[in-house]
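Below: the structure, in structure tokens.
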Amino acid sequence: MVGLTRKERDRLLRQNDILQAAERVFAIKGYHKATIQDIAKEAQYAVGTIYLYFKDKEALYLQLIEKKLKDLSSEIKKEVNKVGGPKEKIQVLVRKQLAYFEEHQDFFKIYFLEREGLRWGARDRISKETVNKFEEYINYLTRLLKEAQDDSLIRQDIDTKRLAYVLASMLNGVIIPWLKGVCRREKITDMADFILEVFFKGVEQRP
């Protein structure tokens, strides 16, 4: 918030308060049953105040999804930047991604279960935003994998861009079924060691 006026800072803080309240309400009631009145009550703002920041419930929901995707990306990068070696960076990325979905599981369960019930325009916007963020994520992951390859941790014959999609698919293949209740594990973070072991054994240099 450096460089912002006090009025701009106050506006961002109120907007963030509303988004946090909306996340809690959507997680409990779901998108379709939640109302602006519910969100206003949770945020401790007047209903009219909510409409000063968001046109309607759908606009609020869409911005919340965009925020969650942005937060996921920034939190992963923040944690990765704390370690030095390329293998450690990949380990941190996997653990942080699983931990983020575990921490925000109530909201993401609603997101995956109810997104088909949104009107087409909203689904299209979410899809485009998700694709854009996913491509940014893949490019970032590709750079980390290239560092590992340059450090002889990954075979030279492997295309790191393709490998990034493989690792992302491994993570999504665990996260999405867990959120939908297909996987019975209580904590998805318990899967981190298994995913990392399978991944690195498959790509490591061969004697």
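The single condition among (1) part of a helix (DSSP H, G or I); (2) modelled with pLDDT of 90 or more that Arg155 does not meet is (1). Looking across Leu12, Leu52, one residue alone is aliphatic (A, V, I, L, M) and within 30 Å of Asn139 (Cβ to Cβ). It is Leu12. Against the list (1) buried (at least 16 other Cβ atoms within 10 Å of the Cβ); (2) farther than 30 Å from Gln149 by Cα, the condition Asn16 fails is (1). Of the helices (runs of 4 or more DSSP H) entirely within segment 35-107, those holding at least 2 residues that are of a type in the set (Ser, Thr, Tyr), surrounded by 13 or more Cβ atoms within 10 Å (Cβ to Cβ) and more than 13 Å from the chain's Cα centre (by Cα) occupy 47-53.
Under 6 Å between Cβ atoms, which residue pairs at least 6 apart in sequence (or on different chains) link something in segment 1-29 that is under 15 Å from Tyr51 (Cβ atoms) and aromatic (Phe, Trp, Tyr) with a partner that is at pLDDT 90 or above and surrounded by fewer than 11 Cβ atoms within 10 Å (Cβ to Cβ)? From segment 1-29, no pairs qualify. Return the total of residues in segment 75-99 being more than 22 Å from Leu179 (Cα to Cα) and modelled with pLDDT of 90 or more. Final tally of qualifying residues: 13.
Val166 - would you say it is aliphatic (A, V, I, L, M), in a helix (DSSP H, G or I) and under 21 Å from Lys68 (Cα atoms)?
Spelling it out, it is not the case that Val166 is aliphatic (A, V, I, L, M), in a helix (DSSP H, G or I) and under 21 Å from Lys68 (Cα atoms).
Taken over segment 167-201, the criterion of being more than 15 Å from the chain's Cα centre (by Cα), modelled with pLDDT of 90 or more and loosely packed, with under 14 Cβ neighbours inside 10 Å is satisfied by Asp190, Asp193, Phe194, Glu197, Val198, Lys201. Among the residues here, Thr130 qualifies as farther than 18 Å from Ala99 by Cα, modelled with pLDDT under 95 and among the hydroxyl-bearing types (Ser, Thr, Tyr).
The values are calculated or read from the model by the stated rules, or taken from the named source; none is laboratory data. Computed from a predicted model, the values in this text were never measured in an experiment. Positions of Cβ are backbone-derived with ideal geometry, glycine not excepted, and every protein chain shown enters the neighbour counts.
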